[in-house]
Structures are given as structure tokens and as C-alpha cells.
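The values are calculated or read from the model by the stated rules, or taken from the named source; none is laboratory data. Since this is a predicted model, take the numbers as computed values, not measurements. Cβ: placed from backbone, ideal geometry, glycine included. Neighbour counts: every protein chain shown.
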Amino acid sequence: MKKKPAPAGSFAQSITILCVDPIAEDHAPLEEIFNSSPWSLYPDFVWTLENSTDLKSAWRLLRTRRFPVVLCECDLRQGTWRELLELLKSLPEPPFLIVTSQAADERLWAEALNLGAYDVLAKPFDSTEVSRVISRAWMHWTEQHRVAPEASVTVAGGGA
């Protein structure tokens, strides 16, 4: 994924979100949202998106990198969002899971929340809703893990 550059001479804070989605057509709209949308709660942060197309590759990333929030398509080709949710629970600082679906309805929302997902996002994605839900998930994740915002992000720019 192309990362949005930090403003020259600044020390922008970068937060990376993982998206598990086998549908290649879903990656571009999310990247557009991440690259151009104003993030209502944290507009000074650089929000980036890491894409994975399946559960296996997502798990490899999750075991080696720290993600505060994971988006997961409801209908994976191999594995399920429920399996991913269980895997996330085994991590030392489990990220919040947001389920995404073209067929997001009350049944999916109730099931996801009852099983421990943070929220559900409907497709096609609405940039305001995506930024609101992900920003709030990140904020709750930092509070739950008692992580200061500065400690849960990567500092970008400034010649590092």
C-alpha cells in the first residue's frame, strides 16, 4: 500500500490498520478513504492500511506486527471472521475486529457484537462512517491497553 507522506519537516504519527479481504475491488476504495479523508477524531495522524487477502497471511502479519484495529470481510474464501476473532484473542494486545460486509444487516451486527467484534461496516464504504468507526476503535484500544497515543504509533518523517 502507498503511504501518504508526512508533511515536510513534521513528525506525523502513523497508525496502521490491517484489512483482511479477498475482494481486490474493496482495497482501492479503502485506500482512497485512508489517503484522502479527514479523520474526525485524529486529523493530525497519518492513517495507513495494510492489506491481506486471506486468514493465513493476515495471521503471519498479526504475529509479527502490532495492529490496533483489524477490518475483516465477512465472507472470506478460506476461514471466517469468527476464526480470526478467536486468533486475535490469543495475542498479547489483541486488536479490535471490525467486520465488513456487502450484506451488513441487524443479524450480522448482533452476531458480531455478541461474539466480541468491535463493530460492523457496510459496503460500499462510506468515508465518514469508516473514519468514525476506526478512529473510535483505535481510541478504545489505546484506553483498554493503557497505551499512550504516542506509544501506540510509529513516528514517520524527520529522517528516521
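Is it the case that SER14 is surrounded by 15 or more Cβ atoms within 10 Å (Cβ to Cβ), touching a strand residue (DSSP E or B) at 6+ places or on another chain (Cβ under 6 Å) and either at pLDDT 95 or above or among the polar types (S, T, N, Q) (or both)? Yes, satisfied. Taking ASP105 as the residue in question, decide whether it is within 23 Å of ALA28 (Cβ to Cβ), modelled with pLDDT under 95 and out of contact with any Asp or Glu (no Cβ under 8 Å at 6 or more places or on another chain). No: the conditions fail for ASP105. Kindly indicate the residue of the range 118-148 that is over 11 Å from the mean Cα position of the chain (by Cα) and β-branched (Val, Ile, Thr) and also modelled with the lowest pLDDT among those meeting that condition. Going through the qualifying residues, I end up with VAL147. Listed by first and then second residue, the pairs with beta-carbon distance under 8 Å, at least 6 apart or on different chains, first residue in the range 90-106 and under 22 Å from TRP141 (Cα atoms), second assigned to a loop (DSSP other than H, G, I, E, B) and among the β-branched types (Val, Ile, Thr), are GLU93/VAL147. Of the residues making up the range 112-125, those that are surrounded by fewer than 14 Cβ atoms within 10 Å (Cβ to Cβ) and either among the hydrophobic types (A, V, I, L, M, F, W, C) or farther than 24 Å from TRP59 by Cβ (or both) are LEU113, LEU115, PRO124.
Among the residues of the range 91-111, those identified as under 17 Å from VAL130 (Cα atoms) and buried (at least 16 other Cβ atoms within 10 Å of the Cβ) are PRO95, PHE96, LEU97, ILE98, VAL99, THR100, SER101, ALA104, TRP109. Screening PHE67 against (1) in a helix (DSSP H, G or I); (2) at pLDDT 95 or above; (3) of a type outside the set (S, T, N, Q); (4) crowded, with 18+ Cβ neighbours inside 10 Å leaves a single unmet condition, (1). Condition test on GLU93, is it at pLDDT 95 or above and either assigned to a helix (DSSP H, G or I) or over 25 Å from GLU25 (Cβ atoms) (or both)? Answer is no for this residue. The set of residues in the range 48-60 being in contact with a strand residue (DSSP E or B) (Cβ under 6 Å, 6 or more places away or on another chain) and surrounded by fewer than 24 Cβ atoms within 10 Å (Cβ to Cβ) consists of THR48, LEU49, GLU50, ASN51, SER52.
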